[in-house]
Structures are given as C-alpha cells and as structure tokens.
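These notes concern the structure reproduced below.
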Amino acid sequence: MPKVLVLYYSSYGHTETLANAVAEGARRVPGAVVDVKRVPETAPEAVARAAHFKLDQAAPVATPQELANYDAIVVGSPTRFGRLTSQMASFWDQAGGLWASGALNGKVGAAFTSSATQHGGNETTLFSLITNLLHFGMVIVGLPYSHQGQMTLEEITGGAPYGATTIAGGRGERQPSQIELEGARHQGELVAKTAAKLFG
Ligand SMILES: Cc1cc2nc3c(=O)[nH]c(=O)nc-3n(C[C@H](O)[C@H](O)[C@H](O)COP(=O)(O)O)c2cc1C
C-alpha cells in the first residue's frame with residue numbers, strides 16, 4: 001500500500017491547513033499510509049516571534065533521510081517573492097545524498113502553496129517546488145480540472161492545474177476556502193491513487 005508524505009513549511013498556518021487537507025484526501029485511498037511532517041524552522045527564534053510565526057504546529061519535524069521511505073512526497077511551501085521558502089529549500093539542499101544515489105527516482109511528487117495575493121506568484125512557487133522534485137527524479141502529479149472548483153467565477157479562489165493553492169491575504173486574514181480545501185484533498189487523493197498504481 002502506498003506510503004505518502006505530506007511535507008510542508010508554514011509561518012502562519014495557511015500551508016499547514018492545506019497540508020492536513022492534502023493528507024485527508026490521500027487517506028481516502030484504501031490502505032494508504034499517510035504522514036504529515038514539517039521541515040525545520042531556520043529563522044532565529046527572536047525573528048520568528050517578532051513576526052508572530054505560528055510556532056506550535058502539531059506535525060513532527062522531518063529529516064531529509066526519511067524521504068527515501070515514501071512512495072510519494074507532496075511538498076507545500078508558502079510563496080516568498082514568487083518562489084519557495086528558504087526553509088523548504090534548505091531542507092532539500094541537505095538531501096544531496098538522496099539525489100546522488102537516485103533514491104527518489106520514479107517516486108510520485110506534487111506541490112501546493114499559499115500566497116498573500118491572487119497573482120503574487122503562486123504558480124511560480126509551485127514550479128519552483130516542482131523543478132526541485134524533477135531534479136530528484138520524481139514523477140509529478142498536479143491538480144487536474146477534475147477539481148472543478150478551480151473553474152469558479154463565483155468567488156475568489158486558489159487552485160491551479162499545477163497544484164493546490166490558497167490566498168492568505170496581505171495580513172494573513174483569509175483562511176483556505178472550502179473550494180481550496182477540496183482542491184488540496186483532490187490532489188492528495190490523486191497522488192495516493194497514482195502511487196498505488198505504481199507501487200501497489
Ligand atoms: C519575506 C516574505 C515574502 C513574501 N513574498 C510574497 C510574494 O511574493 N507574493 C505573495 O503573494 N505573498 C508573499 N508573501 C506572503 C506569504 O506568502 C504569506 O504570508 C503566506 O502565503 C502565508 O502562508 P503560511 O500561513 O503558510 O505561512 C511573502 C511573505 C514574506 C514573509
């Protein structure tokens with residue numbers, strides 16, 4: 001049965017909420033074993049506290065070596081200037097041994113993100129994550145239009161064919177909407193289904 005890791009970084013909890021929705025969707029696949037883990041905070045504690053980071057997150061902290069234990073890895077990071085966070089980049093930068101040995105070649109990868117604004121770089125952030133995963137040899141699953149919610153014009157919504165997204169607002173005042181959460185679940189389910197097909 002497929003082993004799925006939802007690996008995320010989140011300063012203010014929006015990406016954390018999406019990560020839990022991705023995991024919920026992956027658990028819809030019978031037999032799937034799904035872990036949610038986060039990468040270490042690298043900002044100095046004083047900086048993190050001054051910026052009001054959400055430091056009490058339930059997910060355990062992952063180590064790069066653990067990545068090889070999974071059939072699928074879904075990676076979530078908020079946008080930083082249109083690309084992934086340094087916290088997430090630092091984590092993958094420490095996984096060079098896995099890259100060198102090809103330990104993740106052929107595994108399933110996927111990306112999700114949060115940005116403050118609708119056009120603040122969520123798609124480029126997804127591609128910065130996907131680029132990273134492709135370098136590790138992973139096969140990418142996006143968020144197809146079978147998640148119909150991304151088509152809506154009735155409300156502002158995240159979600160792109162490249163991965164689940166949410167829009168947090170300039171002060172983090174908006175939380176993931178029902179459509180965005182369903183997108184994250186849809187992507188998680190598709191990742192687990194794909195891993196089940198590839199790895200049984
Ligand atoms: C240094 C920094 C750079 C950011 N750059 C962008 C950006 O380029 N575009 C954008 O829409 N939001 C930007 N944001 C806002 C974050 O993406 C937002 O706080 C995040 O999506 C919230 O997710 P989280 O609660 O998981 O941390 C930036 C935030 C910080 C702290």
Subset of the range 128-184 [surrounded by 16 or more Cβ atoms within 10 Å (Cβ to Cβ), within 13 Å of the ligand (Cβ to nearest atom) and of a type outside the set (A, V, I, L, M)]
Ser128, Gly158, Thr165, Thr166, Gly172, Arg174, Pro176, Glu180
I'd like to check something: does the range 75-83 contain any residue that is among the basic types (Lys, Arg) and in contact with a strand residue (DSSP E or B) (Cβ under 7 Å, 6 or more places away or on another chain)?
no
Whether any residue in the range 13-25 is open to solvent by 20 Å² or more (accessible area, probe 1.4 Å), away from the ligand (no atom under 12 Å from the Cβ) and either in contact with a helix residue (DSSP H, G or I) (Cβ under 7 Å, 6 or more places away or on another chain) or closer than 19 Å to Met138 by Cα (or both) is what I want to check.
yes
In this structure, is Gly137 at pLDDT 95 or above and farther than 25 Å from Trp92 by Cβ?
no
When both residues are 6+ apart or on different chains and their Cβ atoms are under 8 Å apart, which pairs have a first residue that lies in the range 128-144 and is in contact (Cβ under 8 Å) with a residue 12 or more places away in the chain and of a type in the set (Val, Ile, Thr), and a second that is open to solvent by 20 Å² or more (accessible area, probe 1.4 Å) and in a loop (DSSP other than H, G, I, E, B)?
Ile130/Tyr162; Val139/Gly106; Val139/Lys107
Hey, does the range 34-49 have a residue that's of a type in the set (Val, Ile, Thr), open to solvent by less than 50 Å² (accessible area, probe 1.4 Å), touching a residue at least 12 places away in the same chain (Cβ under 8 Å) and more than 13 Å from the ligand (Cβ to nearest atom)?
yes
Kindly list, by first and then second residue, each pair from a residue in the range 86-102 that is under 15 Å from Arg38 (Cβ atoms) to a residue that is among the acidic types (Asp, Glu) and not in a helix (DSSP H, G or I), limited to pairs with Cβ atoms under 8 Å and residues at least 6 apart or on different chains.
Gln87/Glu41
Out of all the residues in the range 58-113, which are open to solvent by 10 Å² or more (accessible area, probe 1.4 Å) and polar (S, T, N, Q)?
Thr63, Gln65, Asn69, Thr79, Ser86, Gln87, Ser90, Gln94, Ser101, Asn105
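When only residues in the range 1-12 that are of a type in the set (A, V, I, L, M, F, W, C) and more than 14 Å from the ligand (Cβ to nearest atom) count, which is farthest from Gly169 (Cα to Cα)? It would help to see each step written out before you state the result.
Residues of the range 1-12 that are of a type in the set (A, V, I, L, M, F, W, C), as a first pass: 1, 4-7.
Now narrow it down to the ones that are more than 14 Å from the ligand (Cβ to nearest atom): 1, 4-5.
Working: Met1: 38, Val4: 30, Leu5: 27 Å.
Going through the qualifying residues, I end up with Met1.
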Check the range 113-121 and report whether any residue there is within 8 Å of the ligand (Cβ to nearest atom), in a strand (DSSP E or B), out of contact with any Lys or Arg (no Cβ under 9 Å at 6 or more places or on another chain) and closer than 18 Å to Val61 by Cα.
no
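The values are calculated or read from the model by the stated rules, or taken from the named source; none is laboratory data. Keep in mind that this is a model prediction, so the values were computed, not measured. All Cβ positions, glycine included, derive from the backbone under ideal geometry; neighbour counts span all protein chains shown. Only protein heavy atoms, including side chains, enter the accessible area calculation; ligands, DNA and RNA are left aside. Shrake-Rupley method; radii C 1.70, N 1.55, O 1.52, S 1.80 Å.
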